[in-house]
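What follows is a short report on a single structure.
The values are calculated or read from the model by the stated rules, or taken from the named source; none is laboratory data. The model shown is predicted, which means the values in this text are computed figures rather than measured ones. Note that we place each Cβ from the backbone using ideal geometry, even for glycine, and neighbour counts take in every protein chain shown. We work out accessible area using only protein heavy atoms, side chains counted, and drop any ligands, DNA or RNA first. Shrake-Rupley method; radii C 1.70, N 1.55, O 1.52, S 1.80 Å.
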Amino acid sequence: MHFMGAIRVWVPLLTAAMLSLPAASSSISVAAGPEQIRMNEPFAVAFGRGGEWFILEHKGRRIVHVSKDGQFTPFAGAEAAIRAGFNDPHGLLATRDGSALYVADTLNHQIHRIDLRSRTIALVAGTGEKGYSGDNGPALKATFNGTFAAALDPGETTLYVADLGNRRIRAINLKTGIVITVAGDAGNPLVDPRAVAVDSKGVVYILERGGNALRALDRKGVMRTLIAPNQTTPPLKGPKHLCLDSDDNVIIADTENHIIRRFNPRDGSMATIAGSGAKGSHVDPADPLKTDLNRPHGVAFSPSGDLYISDSDNHRILKLSR
């Protein structure tokens, strides 16, 4: 688990060539849309076992289960098999073995865990009250202010939470249940941490929505700015989510630019891998860069390596394959 440390600003040189590299031999398709199921602003996707996967709807306030053979069934929420009073949830995360899901229940200011074997749900963090309290104590007795996203460390012993309203990243030790703040005070200030992800070496990546920046917190608690506001072309514009690929590249849902981008933290290069930049619904199966998106909010890799994109305002999930 990380401790607070100093900030270092590292500004990579991003050339025009670096900004426009397409994904080689890639295709894009609709994995879930109105033809399969009527969704209300899908924000996140996670993958279970045996080919099953899950879609979290922000405004629908539910989780939908997708079976291996493509059957769509309400899974968790007010009118689903698992009863839960979600309030505008944003984040969905699966454990590596696909046996459990973590749900960032945003306006309930809580984190839930769903056991996919027993089909039961349990509270992990948050009292349900909006606030900031409880560091160095039980996460169940702590208060949060808008739990927007969550991420597990490589060993799956620590759960990181983007506590946006408190402008903090908080970490929960899953063995002890204790929560601490790891970024977001005077030592490591944040604007509005919307999403968090952890790479294979334990580096924590933090995406700022209004700050339009990407930051990295190393294992010593030192934070670097990897992408600063107005640094790229186009500049990040209200980015909402991120994930890591198998090479620890950072995949960013650049929401208000209507594109998906790949950032290489080793050399600072950036490439658009999906989205024309125009707001729309057209899909070009052979060219992801000619496909229009409408405020994409979520990105997640399937076990087979396909990238699933929550194309939220088009109320669909796209699949980018290589």
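In debye to the nearest 20, how big a dipole does the chain give about its Cα centre with +1 on each Lys and Arg Cβ and -1 on each Asp and Glu Cβ?
Roughly 440 debye, rounded to the nearest 20.
For the range 28-60 and the range 62-99, compute the distance between their C-alpha centroids and round to whole Å.
9 Å
Across 10 Å bins from 0, what is the distribution of all Cα-Cα pair distances for the chain, in whole percents?
P(r) for the chain, in whole percents per bin: 6, 29, 37, 22, 5, 0.
Determine how large the accessible area of T73 is when every protein chain is in place; take a 1.4 Å probe and give Å² rounded to the nearest 10.
T73 has an accessible surface of roughly 70 Å² with all protein chains in place.
Of S200, Y132, S312, whose Cα points farthest to the positive end of the dipole of the chain (charges on the beta-carbon: +1 Lys, Arg; -1 Asp, Glu; origin at the Cα centre)?
The one lying farthest along the dipole's positive direction is Y132.
I need the calculated FRET efficiency for the pair N87 and R38, taking r as the beta carbon distance and R₀ as 22 Å, to the nearest 0.05.
The computed FRET efficiency comes out at 0.60.
Where Lys and Arg each count +1 and Asp and Glu each count -1, what net charge lies around G238 among other residues with Cβ under 14 Å from its Cβ?
+2
Over 22 Å between Cα atoms, which of K130/K175; K240/K319; K130/K220; K59/K240; K68/K279 qualify?
K130/K175; K130/K220; K68/K279
For Y102, what is the net charge nearby, where nearby means another residue's Cβ is under 13 Å from its Cβ and Lys, Arg count +1, Asp, Glu -1? Please list the in-between numbers first.
Working: positive: R96, R113; negative: D105, D115, D153, E156.
With Lys, Arg at +1 and Asp, Glu at -1, the net is -2.
Quick one: length gained pulling T176 to D284 fully straight, 0.36 nm per residue minus the C-alpha distance?
Full-extension gain reported as 34.0 nm.
Would you mind pulling out the separation of the Cα centroids of the range 158-215 and the range 237-289, in Å?
21 Å
In square nanometres, what is the average projected area of the Cα convex hull of the range 109-155?
Answer in nm², one decimal: 4.1.
Could you work out the per residue convex hull volume over the alpha carbons of the range 158-267, in cubic angstrom? Don't skip to the end; give the middle numbers.
Values: hull volume 11.3 nm³, N = 110.
About 103 Å³ per residue, rounded to a whole number.
Over all directions, average the projected area of the Cα convex hull of the range 76-193 and note it in nm².
7.0 nm²
So if I average 1/r over every pair of distinct C-alpha atoms in the range 220-322 and take the inverse, what Kirkwood radius in Å does that give?
Taking every pair of different Cα atoms in the range 220-322, averaging 1/r and inverting gives 13.9 Å.
Based on DSSP, what percent of beta bridges with both residues in the chain are antiparallel, to the nearest 5? Show your work: numbers first, answer last.
On the way: 90 of 97 bridges.
Taking every DSSP beta bridge within the chain, about 95 percent pair in antiparallel fashion.
I need to check one value: relative contact order of the chain, counting alpha carbon pairs closer than 8 Å and at least 6 residues apart, in percent. Before the final figure, lay out the partial values.
Values: 966 pairs, mean separation 60.5, N = 322.
19 percent.
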